[in-house]
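The values are calculated or read from the model by the stated rules, or taken from the named source; none is laboratory data. Note that the structure is predicted; figures quoted are calculated from it, not measured. Cβ placement follows ideal geometry from the backbone for every residue including glycine, while neighbour counts extend to all protein chains displayed.
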Amino acid sequence: MEESKSERAMLSFWGDVSFGLEVEPIVEKNGFAYCFDGVRDAFKGSSLNVVNFDCTITEATQKNRFRDGSHLKTKPAAALAMKQAGIDGVVLANNHIYDYGTQGIEDTMAAFDAAGIQYAGVGKTAAEALSPMLLEDADGRSVGIISSCALPVESSDNCPYMVGPFDLDLLKQAIDNCVDKVDHLIVSIHWGREFVHHPFRSQIEAARQLIDWGAGAVIGHHPHVVGSVESYGSGYIAYSLGDFVFDQRDHQGIPHRHDALGITLRHADTRVLQGEYVPVRVDRDYRPVIPVGEVRAGIVEFVEELSAGLCDLNIAEARASGAASVGFLGHQIRSIRKSFINGGLLSVVKKAARVRPVHIKLFFVWLKRKVGKF
């Protein structure tokens, strides 16, 4: 029996999408559509589907010289493949949108325009960058999505664009400007610490404040791992969705590294959204699939455990700070080892100098909670 429009979720939000790095040769071999084969039915379960596009769509070759780390891009065919798979909107306020400068940003927006995919999070003023994309579900309900980035981003030379800033005063203005013009309003935020499952106290307080101001949901991404979820007031908060289509070679020792979440939002009442998370597993080809059985149960158990810590903000802060320090120290140890192999002793000294006493202190705070000693 065909599902009626009213039985479908109004909107589903999924995690980070990038076709760069090790995803690129998989796409070259199998095509972009291959990446979404495991979630097509899940997409059909929602009237609207939105992802965080953590990449650029451009043929530009000039990288942003102010940005360290990976520069991510893919070919223009990606946008149409995303639309054909069932993706209706993308948020762009993230730390990769500047990877190929002004041309990369303009090419990315042009590709999504051509494919008929809505986007938010980039503009020439803060107000423009925080203006919502406007979508309409199958039952005619309007949805606005604001896209904001809490991370420091490195703009390129004379780039006229900015990402939606994470400024609570500006976000309140953005919410006030559109909350009465749409049936539901969602705020998407690129924030948190990479590979840390726990939100910091400041994130929890900010997300709850945004709900109090009129947002029906707050959706977080950037850590590349699953995070906590909670129903708060009349809305729903997901602090980190994890990866959706993304290279996952790094940090293999992190618990549930290959797991992610989708968030389905249903109309419950005027400006009230009912949220529910959907477990996702990313396979060896970096493709999302909807797991069943023990795999699904394991993700649910982990997310419930993470979310239980939100009731005490002091505990939540300690968990996030400790995990962040452990992650930082682990990254530095791996980096130091690699530096010694590639660059010798001087390179090792430069890397080791980045470790501060606070990282050691927080590591022992985390260790004390883990083993009950020291």
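Restricted to the stretch 37-63, and to residues that are small (Gly, Ala, Ser) and assigned to a strand (DSSP E or B), which residue is surrounded by the fewest Cβ atoms within 10 Å (Cβ to Cβ)? Ranking the qualifying residues of the stretch 37-63, first place goes to SER47.
Would you confirm, using the coordinates I've provided, whether ASP250 is at pLDDT 95 or above, over 17 Å from HIS190 (Cβ atoms) and acidic (Asp, Glu)? Steps first, please.
Numbers: at pLDDT 95 or above: no; over 17 Å from HIS190 (Cβ atoms): yes; acidic (Asp, Glu): yes.
No; evaluated as a whole, the condition is false for this residue.
From the list GLY69, GLY86, GLY121, which one is within 21 Å of GLN173 (Cβ to Cβ), assigned by TED's automatic domain parsing to the domain that holds ILE186 and under 20 Å from the mean Cα position of the chain (by Cα)?
On the way: GLY69 fails: within 21 Å of GLN173 (Cβ to Cβ); GLY86 fails: within 21 Å of GLN173 (Cβ to Cβ).
Within the list GLY69, GLY86, GLY121, the selection yields GLY121.
Listed here are the residues, each with its yes/no results for (1) of a type in the set (A, V, I, L, M); (2) within 29 Å of ILE299 (Cβ to Cβ).
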position: SER156; (1), (2): no, no
position: GLY164; (1), (2): no, no
position: ASP169; (1), (2): no, no
position: ARG208; (1), (2): no, yes
position: GLY214; (1), (2): no, no
position: HIS222; (1), (2): no, yes
position: VAL225; (1), (2): yes, yes
position: GLU230; (1), (2): no, yes
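Looking at ASP183, ASP212, ASP176, can you tell me which residue is among the charged types (D, E, K, R), surrounded by fewer than 24 Cβ atoms within 10 Å (Cβ to Cβ) and either farther than 17 Å from GLY144 by Cα or in contact with a strand residue (DSSP E or B) (Cβ under 6 Å, 6 or more places away or on another chain) (or both)? Step through it out loud before you land on a result.
Working: ASP212 fails: either farther than 17 Å from GLY144 by Cα or in contact with a strand residue (DSSP E or B) (Cβ under 6 Å, 6 or more places away or on another chain) (or both); ASP176 fails: either farther than 17 Å from GLY144 by Cα or in contact with a strand residue (DSSP E or B) (Cβ under 6 Å, 6 or more places away or on another chain) (or both).
Being among the charged types (D, E, K, R), surrounded by fewer than 24 Cβ atoms within 10 Å (Cβ to Cβ) and either farther than 17 Å from GLY144 by Cα or in contact with a strand residue (DSSP E or B) (Cβ under 6 Å, 6 or more places away or on another chain) (or both) holds for just one of ASP183, ASP212, ASP176, which is ASP183.
Residues in the stretch 118-147 that are assigned to a loop (DSSP other than H, G, I, E, B) and acidic (Asp, Glu) were compared, and the one that is farthest from TRP191 (Cα to Cα) is ASP139. For ALA78, the criteria (1) part of a loop (DSSP other than H, G, I, E, B); (2) modelled with pLDDT of 95 or more; (3) small (Gly, Ala, Ser) hold in every case but one, which is (1).
No other residue among LEU210, LEU170 is over 16 Å from the mean Cα position of the chain (by Cα), more than 25 Å from ALA268 (Cα to Cα) and hydrophobic (A, V, I, L, M, F, W, C) apart from LEU170. Criterion applied to GLY242, GLY262, GLY220 was being at positive phi and either buried (at least 24 other Cβ atoms within 10 Å of the Cβ) or without any contact (Cβ under 8 Å) to a residue 24 or more places away in the chain (or both), and the one residue passing it is GLY242.
Limited to the stretch 68-127, what total is found for residues that are under 20 Å from ASP37 (Cβ atoms), surrounded by fewer than 16 Cβ atoms within 10 Å (Cβ to Cβ) and basic (Lys, Arg)? Please lay out each step first, then the result.
Here is the first cut: in the stretch 68-127, the residues under 20 Å from ASP37 (Cβ atoms) are 74-75, 77-88, 90, 115, 117.
Pick out the ones that are also surrounded by fewer than 16 Cβ atoms within 10 Å (Cβ to Cβ) and you get 83-84.
Those still in the list that are basic (Lys, Arg) too: 83.
Matching residues across the stretch 68-127 total 1.
Scanning the stretch 174-233 for residues that are in a helix (DSSP H, G or I), among the polar types (S, T, N, Q) and over 22 Å from HIS256 (Cα atoms) yields a total of 3.
Scanning the stretch 194-241 for residues that are hydroxyl-bearing (Ser, Thr, Tyr) and at pLDDT below 95 yields a count of 1. Only one entry of ASP269, ASP283 meets the criterion of being surrounded by fewer than 18 Cβ atoms within 10 Å (Cβ to Cβ), modelled with pLDDT under 85 and out of contact with any Lys or Arg (no Cβ under 6 Å at 6 or more places or on another chain), and that entry is ASP269.
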